[in-house]
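Report on the structure given below.
The values are calculated or read from the model by the stated rules, or taken from the named source; none is laboratory data. Model, not experiment: these values are computed from the prediction. A quick note on method: Cβ atoms are made from the backbone with ideal geometry, for glycine too, and the neighbour counts reach across all protein chains shown. Only protein heavy atoms, including side chains, enter the accessible area calculation; ligands, DNA and RNA are left aside. Shrake-Rupley method; radii C 1.70, N 1.55, O 1.52, S 1.80 Å.
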Amino acid sequence: MLPLWLIIALPLLGFIITGLIGAKLPKPLPGVIASLAVGAAFIIALLHVLDGVPEKAESQLVYQWMAVGNFKVDVSLLLDRLSAVMILIITGIGFLIHVYSIGYMAHDHNDLEGTRYARFFSYLNLFIAFMTLLVLADNYLVMFVGWEGVGLCSYFLIGFWFEREDAAEASKKAFIVNRIGDFGFLLGMALIFLAAGSLNYKEVFTNLEALDAGTVGALGGLTLITLLLALGAAGKSAQIPLYTWLPDAMAGPTPVSALIHAATMVTAGVYMCARSWPLFEAAPQTKLIICGIGALTALFAGLTALAHTDIKKVLAYSTVSQLGFMFMAVGAGAYAIAIFHVFTHAFFKACLFLGAGSVIHALHGEQDMRKMGGLAKSMKTTNLTFMLSGLALAGAVPFAGFFSKDEIIGSVFAAGQGEHANSLYTIFSIVGLITALITAIYTGRQYAQVFLGESRFVPTPHTVDDHDHSHETGEGDEHGHHAENHHTSHEDAHESPAVMTLPLIILAIGAVFAGFLGFPHLSGVPESLHGFTNFLEPVFAREEVPGAHAEHSANLVLLLIGMVIGWGGWIYGRGLGLKQAKRAFLQENTHALSLDKLYERTVVKLGFALSIALRWIDENIVDGIVNGLGLLVSQSAASLRLTQTAYVRNYALVMAIGGAMILAYFWSS
């Protein structure tokens, strides 16, 4: 069997080739090379899975990284059923996004010399390489290298169109906000090493007593460690209060939005928590906090999605909301179900983002849903795939999102039952049901506003292709052409080329059928139908952790409620979209629901005030001390310089005086 490191090396090789010589190659050759690199990585990952992933994890040593005293870190890759699922998602969905990008990025009007086309694909390849490193790592430090790598690549990709102020600001915001969470992750790793003497997963998970030995105030060692790890996960997976970077990331090209939101970066936090499940199982207080944050994030982001008219912003807040569901599952101890939702979400959310990109491509940059409508006839493939994926997001039975979302709500509800259970979990499950209804409403509304009804498109001077990079400013492109040259009507709008629609079809098939890999856990349902959770069961073998509890079955009543919510919310939202096509539901509350405004009034102002105070201290106190010492040395040197007369008689006189003083000293003593 081919070595695991090839799954990382192939995209890395694609990054090197497209980065070094891609600019000299004609389009679409750089995109083809990058796509083949990721496709080959997917084939290798698939071969490993088809060969039979063992129940016990296998580690492959690549090389010894460092050994300093007791601190030893190897670059080793871990293949178990959890990492197998993740590499299939990353390379499989990533390959489809690469193929889609070949067509989408071909008409970048600012790419006059073709250099940006190659650079874009080199960034995509590097992103995939770091993400696969993250999930295949067998210790926290190597995971952290991949963790930081995807953060760096997100900065490059979100700010790809750096001439636009919104893209430049969004890339910096993503980078800075993620550093807050990464700081928590780094501190958590430091505490793990201090307590366990290792960062290797296996060694750490077998030393839970050592990890819990230290206390900080009222917090046990494991509680503090897991809280810090959860902070890192909240930054990467966009949870309150660190989710504000993700909606702004829409300033990047649409394939970037699909890659970040669907299968890679934002799921890294969920994966890290699932990988660290023995730590979280031994820290029930942290689990409760994670579930509460997930429920609050899901509800808050869902309400915000109702208040937006931008087709990509609605999907962005939808991603934040769905990540909240995944965190709810982690907090309820349903780690396999959290990964199941990662799996199903990758299909329908990637399809929705790429479908939105197809619409934007056809309308030359228009993203306001109030100016769309009537596209179902002219964009039949995009319409069908968007509808199927939208139904999956809405949780309509029998689409993929229904199965995973219902399992999450059922698991959270079950965690609140029993003699020693916390009733807050029951409340969180109700919040999950409310959020599921909101999700179905805004998803149905979005589909109706974009594809149904009459065309509301009115060409304006600012309607240009988002590849022109000028639709935010209304300026012409670098060719000197203005938007009037790009006017179109819905009658002229046509379907995207096959290189863009084929990935949509494949993803839509996954959005329809992926959920059948895991039926709800109900009495009477054969165990064989719980295929996905059964596959991951060896990874989350709870009996190995003292005091751990088994996952509960979903409640039949919740299942029926979920079925009604999915279809009912979709139908209601669809009607709402047709009636309120020209304005967003709750649009007047958009700013009220924004955490950015709160941060600007509190954290940002406090930060500016602190920076002004520190600057005053630096200029008046620190610089004063430094400059004073410099002046003292300078004046002393000037005074001593007067003694250097270059006359021998003066030196002889000084020596005589010095000798006399020494003799006098000894004489007096």
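So the values come out like this:
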| item | result |
| --- | --- |
| Most to least accessible of Leu88, Leu529, Leu78, Leu642 (protein chains only, probe 1.4 Å) | Leu642, Leu529, Leu88, Leu78 |
| Pairs beyond 30 Å (Cα-Cα), from Lys313/Lys579; Lys56/Lys313; Lys236/Lys313 | Lys56/Lys313 |
| Cα-based convex hull, the chain, per residue volume (Å³, whole number) | 232 |
| R0 of 45 Å, Cβ-Cβ distance Phe162-Ile43: FRET efficiency to nearest 0.05 | 0.85 |
| Exposure of Cys291 as accessible area (Å², to 10), given a probe of 1.4 Å and all protein chains | 0 |
| Glu203 paired with Leu50, simple spin-label distance in nm, labels 7 Å along Cα-to-beta-carbon | 3.7 |
| Inter-probe distance in nm under a simple model that places probes 7 Å from Cα toward Cβ, at Val145 and Glu58 | 2.2 |
| The chain - percent of accessible surface contributed by carbon and sulfur, probe 1.4 Å | 67 |
| Amide H partners (placed H, <5 Å) of Ser76, local residues excluded | Val62, Asp138 |
| Computed lengthening from Ile571 to Ile662, 0.36 nm per intervening residue step minus Cα-Cα distance | 22.3 nm |
| Expected 222 nm ellipticity per residue - DSSP helices of 4 or more, -39500 (n - 2.57), all of the chain, to 500 | -20500 deg cm²/dmol |
| The chain, relative contact order [Cα under 8 Å, separation at least 6], % | 13 |
| Two-site FRET efficiency, Ile16 against Leu556, from Cβ-Cβ distance with R₀ of 45 Å, rounded to 0.05 | 0.25 |
| Local electrostatic count at Gly269 - Lys and Arg +1, Asp and Glu -1, tallied over other residues with Cβ under 14 Å | 0 |
| The stretch 337-409 and the stretch 2-57: distance between their alpha carbon centers, rounded to Å | 27 |
| Residues of the stretch 293-324 with amide N under 19 Å of the 7 Å Cα→Cβ point at Lys579 | 306-309 |
| Neighbour cut-off at most 15 other Cβ (10 Å), DSSP loop, chymotrypsin sites (Phe, Trp or Tyr not before Pro), the stretch 99-185 | Phe162 |
| Stretchable slack from Glu169 to Val622, in nm (0.36 nm times residue separation minus alpha-carbon distance) | 159.8 nm |
| Distance (nanometres) between label positions extended 7 Å along Cα→Cβ at Leu2 and Phe183 | 4.2 |
| Theoretical FRET efficiency, 1/(1+(r/R0)^6), r = Cβ-Cβ of Leu522 and Lys377, R0 60 Å, to 0.05 | 0.90 |
